[in-house]
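Each remark here refers to the structure printed beneath this line.
Please treat every number below as a calculation from the coordinates, not as lab data. Everything numeric here is computed off the predicted structure, so don't read it as measured data. Please note: Cβ atoms are built from the backbone with ideal geometry, for glycine as well, and neighbour counts cover all protein chains shown.
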Amino acid sequence: MAGGGLAVAAALGVWFWQSGSPSATAEASQAALAAGIDAKEQAAIEAIVRDYILKNPEIIPEAVEILQTRQKAEAINEIRAGIEAPFNGTAFAGNPNGDVIVVEYSDFACPYCKQTTADIDRVLKEDKNVKVVFRELPILSEASNDAALMALAAAKQGKYYAFHKTMFATGRPTPSTIENAAREAGLDLVEARRFTKTPEAQKEVQNNIEIARKLQFTGTPAWVVGNDSQVGAVGYDGLKEMIAKARGSK
């Protein structure tokens, strides 16, 4: 049997063994016949594949991991522009032309997001070729949403990162802590309050929530770096690993 035919048959054998459904079996048989494989050859290959998997079950989680990695990359690539382009062109820190873009989805009421500020500062201090884009994902409370809208207002005034760091340092979002952080970051409060009520601000938050759903983010912080995504406080070492992986794939 030709090598290509054997590969096709092996794949069909795996499918047959895993599914076991009558429809899948019938489709596998038809595909095998189309590839020039008779029923006897197909049965022999299926037996070999089944035996190999039973003797080497570790290949199943390995295959699942490879599939999940591929699916992550496909999902990110479909909406990459909406992920990596900073709001108003200003909601980022680091090198605007960095060769690696780190995207963080965060909630100002999330204590784990607060922890990441030191990790990001350290990365930016040590790696001058990284750009960190911040996206608002207010999922914990109404106050989270208010703080997110004020962060977008800060971006409109070119003071996003100052507000971002100050808001996390100030404490959990409340009307007073949000206003204090905005004032400390140097925002025009009248203009900032006006902007938080605009459709543009509301739409940005909603877009972030929709993208988070598409990427199956289950909480904050969540990260996208290159073709990889992670959920949780990955820490400084985790960020460095994601950056190195993205840089190495270029």
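Tabulated values for the structure
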| read-out | value |
| --- | --- |
| Qualifying positions in region 191-250 - closer than 17 Å to residue 85 by Cα, of a type in the set (A, V, I, L, M, F, W, C) and part of a loop (DSSP other than H, G, I, E, B) | 215 |
| Single condition residue 150 does not satisfy, out of (1) more than 19 Å from residue 117 (Cβ to Cβ); (2) in a helix (DSSP H, G or I) | (1) |
| Only one of 102, 49, 133, 64 that is part of a strand (DSSP E or B) and surrounded by fewer than 21 Cβ atoms within 10 Å (Cβ to Cβ) | 133 |
| Some residue of region 233-240 being in contact (Cβ under 8 Å) with a residue 24 or more places away in the chain, farther than 24 Å from residue 99 by Cα and of a type outside the set (Asp, Glu) | no |
| Residue within region 163-181 that is out of contact with any Cys (no Cβ under 9 Å at 6 or more places or on another chain) and under 30 Å from residue 73 (Cβ atoms) present | yes |
| The listed residue being of a type in the set (Gly, Ala, Ser), touching a Lys or Arg at 6+ places or on another chain (Cβ under 9 Å), touching a residue at least 12 places away in the same chain (Cβ under 8 Å) and part of a strand (DSSP E or B), out of 93, 109 | 93 |
